[in-house]
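Step one of this worksheet: look at the structure below.
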Amino acid sequence: MYLTDLDKQGVAALMTEWRQPRFRTDQVMAWLNKGVRPEEMTNLPKALREQLAALPYGGSVIERKLTSPKDGTVKYLFLLEDGNLVEGVLMHYSYGNTACISTQVGCRMGCKFCASTLEGCVRDLRPGEMLSFIKLMEQDEPPREGWSRSVTNIVLMGSGEPLDNYDNVVTFLRRVTSPDELNISPRNISLSTCGLVPKIYRFMEEAPHVTLSISLHAHSDEVRKTMMPIANTYPIGDLIEAARAYAEKTGRRVVFEYALVEGVNDGREDAVALAKLLRGMVCHVNLIPLNSVKERSLMGVSRAHAEEFAGWLTKEHISATVRREMGADIDGACGQLRRRVIHEIQQPI
Ligand code: SAH
């Protein structure tokens, strides 16, 4: 059992077991919600602090931090208690700050263009670890003038496949949206998946109704299979049907991520076919010029070409925008910083 994996009920049960007065639960929760460790819970009796400190904590610390001189995006490398490293990114927008966090150490999905998956999945992240990333970002960056908090939006778009760590991710989402904990609205949260179809159906029944983002990247199984092994398990038709069901059940617009790869999925005929696939659904297409990964030979497209592709989709009455590239100068893309740092640690210059 880890202290950070206890929700309010869990803390209350612990306080009862330790014969503490009821009000201690709120005191402990207030500290835990700020990411404060037991040693620093100054309004608790020393004996209780020591009892809490004796439990495994299960959080993380900031190991390294890079700030983009271009747009102020901050890339964090978090060190977990078992020595593993994971990434997180804080992006600044006019309406708030968005925290992009990881859900696994590595990833087992094997997408050809993605740096997170090159060495497979090391392990799942626990809810308390995912919460710790948000709390550390909030400690590191105080809220802007007139804001009540620093992290206003969350995207599960870091390393890992969130629906492959289903139970922990659903628990994380329940806790991060709970008024007892971080109280962030599901409307301000996005979960991105490569498309584990049966899990999407479970998710819409069981989890808070966050925005669902689907990493589509192709309009046909034929092309999708060349980039994403998951396409061999779940055909694109089933995935689109699950997306339609999610939009209907939740009333939320589904977002499709589409990374443009030169000569693979970026032609006019691709835009027309994609529009046909998505027709009639409440959705939006987020176009990403592929961030070329050194280890792979797939090439991205220019911003101008991505804008042109967006225009083709708009002409077909499909809402589309090109994603703002944030933090590209600081290895902002999935798994790239972690890999670079692990590489440096393993082969010191
Ligand atoms: N596993 C989930 C969460 C990862 S989200 C998913 O697949 O959706 C990270 C997003 O970045 C995904 O859409 C992923 O396909 C995309 N991505 C990964 N590597 C990329 C790269 N080199 N260039 C552009 N997008 C990339």
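The values are calculated or read from the model by the stated rules, or taken from the named source; none is laboratory data. In this text, all values refer to a predicted model and were calculated from it rather than measured experimentally. In this analysis, Cβ positions are derived from the backbone assuming ideal geometry, glycine residues included, and neighbour counts consider all displayed protein chains. In case anyone asks, the SASA skips ligands and DNA or RNA and just uses the protein heavy atoms, side chains included. Shrake-Rupley method; radii C 1.70, N 1.55, O 1.52, S 1.80 Å.
Results, tabulated for the structure shown:
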{"read-out": "Fraction of the pair-distance distribution of the range 60-346 above 31 Å, Cα-Cα pairs, percent", "value": "23 percent"}
{"read-out": "Translational D in µm²/s for the range 3-50 (Stokes-Einstein at 37 °C, 0.692 mPa s, Kirkwood Rh from C-alpha pairs)", "value": "307 µm²/s"}
{"read-out": "Residue order for E17, E145 - accessible surface, 1.4 angstrom probe, largest first", "value": "E145, E17"}
{"read-out": "Rounded to the nearest 20 debye, dipole of the chain from Cβ charges on Lys, Arg, Asp, Glu", "value": "460 debye"}
{"read-out": "Degrees, to the nearest 10: 336-346 long Cα axis against longest axis of the chain", "value": "60 degrees"}
{"read-out": "Gaussian network model of the chain, springs between alpha carbon atoms under 10 Å - residue of H284, H317, H92 with greatest fluctuation", "value": "H317"}
{"read-out": "The range 60-346, relative contact order [Cα under 8 Å, separation at least 6], %", "value": "17 percent"}
{"read-out": "Net charge of Cβ neighbours under 13 Å - reference D5; Lys, Arg +1; Asp, Glu -1", "value": "-2"}
{"read-out": "Over the range 168-238: Kirkwood hydrodynamic radius from C-alpha pairwise inverse distances, Å", "value": "13.5 Å"}
{"read-out": "Square roots of 5 times each gyration tensor eigenvalue, C-alpha, the range 93-227, largest first, Å", "value": "27, 16, 15"}
{"read-out": "Accessible area per residue, Å², the chain with all protein chains present, probe 1.4 Å", "value": "45 Å²"}
{"read-out": "Contour excess over end-to-end distance, with Cα ends at S94 and E141 and 0.36 nm allotted per residue", "value": "15.4 nm"}
{"read-out": "Förster-model FRET efficiency, 56 Å R0, T314 and Y2, C-beta, rounded to 0.05", "value": "0.70"}
{"read-out": "Angle between the chain longest axis and helix 197-206 axis [Cα atoms, degrees, rounded to 10]", "value": "40 degrees"}
{"read-out": "Debye intensity ratio I(q)/I(0), log10, the range 177-330, q values 0.14, 0.16 Å⁻¹ (C-alpha model)", "value": "-0.72, -0.92"}
{"read-out": "Difference of contour (0.36 nm per residue) and Cα-Cα distance, N183 to T16", "value": "57.6 nm"}
{"read-out": "Separation in nanometres of the label points that stand 7 Å from Cα toward Cβ, at K249 and R323", "value": "2.4 nm"}
{"read-out": "DSSP bridge pairs, the chain: antiparallel proportion in percent, nearest 5", "value": "45 percent"}
